[in-house]
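To start, the structure under review is shown below, and the notes come after it.
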Amino acid sequence: MAQDKPLPNRKEKPLLNRKDSLGKIEAPVFQDSVSFGKKGDIETTVVYSARDSIRFDVVRRIMFLYGEAKIVYGDVELEAAYVEIDWKNNTLRAHALADTAGNVEGIPIFTDKGTNYNADSIYYNFKSQKGIVKGIITQQGEGFLQAGTAKKLADGTLYNDNSLYTTCDLKEPHYAIRARRLKLNPKKNVVAGP
């Protein structure tokens, strides 16, 4: 090959010419123009582990983690006895499991932006950063919030039903403010309804 000639219908210049081991020039290399489509909804690496086992259903794109499961996704962490991650819908579910003696182990602990939430069960969407938490207990400042069901928004706001707000740190507090509906604005205030 005396001179390199660009391929027909290519307007850009080659990025580089590669030589083979004999010193002869091969075909020029052009930048790829193929588009790979839409970027995925998961924005950072998801790190996960489990003590017992991890099972992946390839067809449904669902991962099951058993025994001391732990997931880290950006500034969100989750630890629980059982976690199910649906990669197709960007969701996860977590709950505790009972051992052979009937003792409940691995109560889910959800950490988002430094705030811990203990719960009976958790449903969370990675994309919207919203979730439903049942049997929630969390500390806000000097107080503790317990609720039957809580809806968590992306900004950390919690809408709760059947709530207790107390400064007593016991599971069954000696005193509390009870509310059927309660809104918790993290690190700001608590608003109770009728």
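Exactly one residue out of G143, G156 is open to solvent by less than 70 Å² (accessible area, probe 1.4 Å) and under 19 Å from the mean Cα position of the chain (by Cα): that is G156. Against the test of being open to solvent by 60 Å² or more (accessible area, probe 1.4 Å), among the charged types (D, E, K, R) and outside any strand (DSSP E or B), the options K183, K187, K134 yield a single qualifying residue, K187. Which of the residues that make up the range 159-180 are open to solvent by 70 Å² or more (accessible area, probe 1.4 Å) and among the acidic types (D, E)? Listed by number, the residues that qualify are D169, E172. If the condition is being open to solvent by 50 Å² or more (accessible area, probe 1.4 Å) and in contact with a Pro (Cβ under 6 Å, 6 or more places away or on another chain), then the range 40-84 contributes no residue at all. Considering the range 63-128, the qualifying strands (runs of 3 or more DSSP E), each wholly inside and each with 1 or more residues that are closer than 15 Å to A50 by Cα, run over 76-86, 91-95, 109-112. Picking from residues in the range 44-62 that are polar (S, T, N, Q) and in a loop (DSSP other than H, G, I, E, B), the one that is nearest to K130 (Cα to Cα) is T44. Within the range 114-131, take every residue that is touching a residue at least 60 places away in the same chain (Cβ under 8 Å) and over 17 Å from A69 (Cβ atoms) and give me the one that is most open to solvent (accessible area, probe 1.4 Å). Applying the filter and picking the extreme gives K127.
The values are calculated or read from the model by the stated rules, or taken from the named source; none is laboratory data. Remember, predicted model here, so these are calculated numbers, not experimental data. Positions of Cβ are backbone-derived with ideal geometry, glycine not excepted, and every protein chain shown enters the neighbour counts. Side chains included, ligands, DNA and RNA excluded: accessible areas come from the protein's heavy atoms. Shrake-Rupley method; radii C 1.70, N 1.55, O 1.52, S 1.80 Å.
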